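Here is the structure we will look at.
The values are calculated or read from the model by the stated rules, or taken from the named source; none is laboratory data. Keep in mind it's a predicted model, so treat the numbers as computed, not measured. Ideal geometry is used to build each Cβ from the backbone, glycine not excepted, and the neighbour counts take in all protein chains shown. For accessibility, only protein heavy atoms count, side chains too; no ligands or nucleic acids. Shrake-Rupley method; radii C 1.70, N 1.55, O 1.52, S 1.80 Å.
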Amino acid sequence: QVQLVESGGGLVQAGESLRLSCTTSRSIFSISVMGWYRQAPGKQRELVASITPSGRANNAESLKDRFTMSRDNVKNTVYLQMNSLGPEDTAVYYCNARSVYTSREYWGQGTQVTVSS
């Protein structure tokens with residue numbers, strides 16, 4: 001069973017930073033576009049950022065100045081560095097892996113990020 005294990009969420013104050021991590025197996029990691037999504041209460045899940053196996057990153061336009069996604073191909077891990085957090089960033093953040101060959105997707109369990117004002 002494919003597992004994506006997320007970590008790094010928590011409660012922070014506005015203006016602070018957090019870094020989320022997501023780790024999976026090498027067999028999945030090496031052939032997948034990895035992505036971070038988030039879902040706030042009462043809202044649809046939205047793409048935050050994604051990164052290809054070769055390291056090309058794509059960020060949501062509204063977040064690119066504050067959020068940065070990266071991947072470590074040795075550790076089979078992707079990161080989401082989030083700076084200058086605000087209450088509007090409060091959401092459950094999900095890690096996603098999508099195979100470049102089959103488009104099959106896998107999801108992590110989600111990690112809660114709460115930003116207090």
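Out of region 58-117, which residues are basic (K, R) and either open to solvent by less than 20 Å² (accessible area, probe 1.4 Å) or more than 20 Å from V2 (Cβ to Cβ) (or both)?
Across region 58-117, the qualifying residues are K64, R66.
Being under 21 Å from Q112 (Cβ atoms) and open to solvent by less than 20 Å² (accessible area, probe 1.4 Å) is the requirement here; does V5 meet it?
no
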